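Undergrad: Take this structure first; my questions come after.
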Amino acid sequence: MAVARQGLAKGHQLEASRSDWLKAKDLEERQEIAAQIQQRAFAVVPNIPTRQCEFKTALHKNLKGDIEAPAFFMWNIEKT
């Protein structure tokens, strides 16, 4: 018997709140909706990250200016 892997939780209330946030007319309304989203997310815990990602990058010898950081930044790179 095959068992399907579980995906992200379906939070219909969270999805509706996200849509409301996008449709909000002003900053105060968005902040109020964002507070509701946070309260609901803490109540139902929709996502628990359980893995670590490591991105490998390689640069050609004629490139310089790469920034050592947890993410790969494309700015500051120059061709020599």
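The values are calculated or read from the model by the stated rules, or taken from the named source; none is laboratory data. All values derive from a computational prediction rather than experimental measurement. For neighbour counting, all protein chains shown are included, and Cβ atoms are generated from backbone atoms with ideal geometry for every residue, glycine included.
Undergrad: Does N76 fit the bill of being of a type outside the set (D, E), under 18 Å from Q13 (Cα atoms) and part of a loop (DSSP other than H, G, I, E, B)? Even if it seems obvious, please write down each step before you answer.
TA: Values: of a type outside the set (D, E): yes; under 18 Å from Q13 (Cα atoms): no; part of a loop (DSSP other than H, G, I, E, B): yes.
Judged against the criteria, N76 is not a match.
Undergrad: Keeping to the range 19-39, report how many residues are touching a helix residue (DSSP H, G or I) at 6+ places or on another chain (Cβ under 7 Å), of a type outside the set (S, T, N, Q) and either loosely packed, with under 10 Cβ neighbours inside 10 Å or not in a loop (DSSP other than H, G, I, E, B) (or both).
TA: Taking the range 19-39 as the starting set, the residues that turn out to be touching a helix residue (DSSP H, G or I) at 6+ places or on another chain (Cβ under 7 Å) are 20-21, 24, 30, 33-34, 36-37.
This time we only want the ones that are of a type outside the set (S, T, N, Q), so: 20-21, 24, 30, 33-34, 37.
Remaining after also requiring either loosely packed, with under 10 Cβ neighbours inside 10 Å or not in a loop (DSSP other than H, G, I, E, B) (or both): 20-21, 30, 33-34, 37.
Adding up the residues that qualify gives 6.
Undergrad: Determine whether the range 43-59 contains at least one residue that is under 19 Å from the mean Cα position of the chain (by Cα), in a helix (DSSP H, G or I), modelled with pLDDT of 85 or more and among the small types (G, A, S). Working first, answer last.
TA: Keep residues of the range 43-59 that are under 19 Å from the mean Cα position of the chain (by Cα), which gives 44-55.
So of that shortlist, the ones also in a helix (DSSP H, G or I) come out as 44.
Narrowing the set further to residues that are modelled with pLDDT of 85 or more leaves none.
The answer is no, given that none of the residues of the range 43-59 is under 19 Å from the mean Cα position of the chain (by Cα), in a helix (DSSP H, G or I), modelled with pLDDT of 85 or more and among the small types (G, A, S).
Undergrad: Hey, another quick one. Consider only pairs whose beta carbons are under 6 Å apart and that are at least six residues apart or on different chains; among these, list those whose first residue lies in the range 40-65 and is surrounded by 10 or more Cβ atoms within 10 Å (Cβ to Cβ) and whose second residue is polar (S, T, N, Q) and in a helix (DSSP H, G or I).
TA: Final answer for the pair search is R40/Q13.
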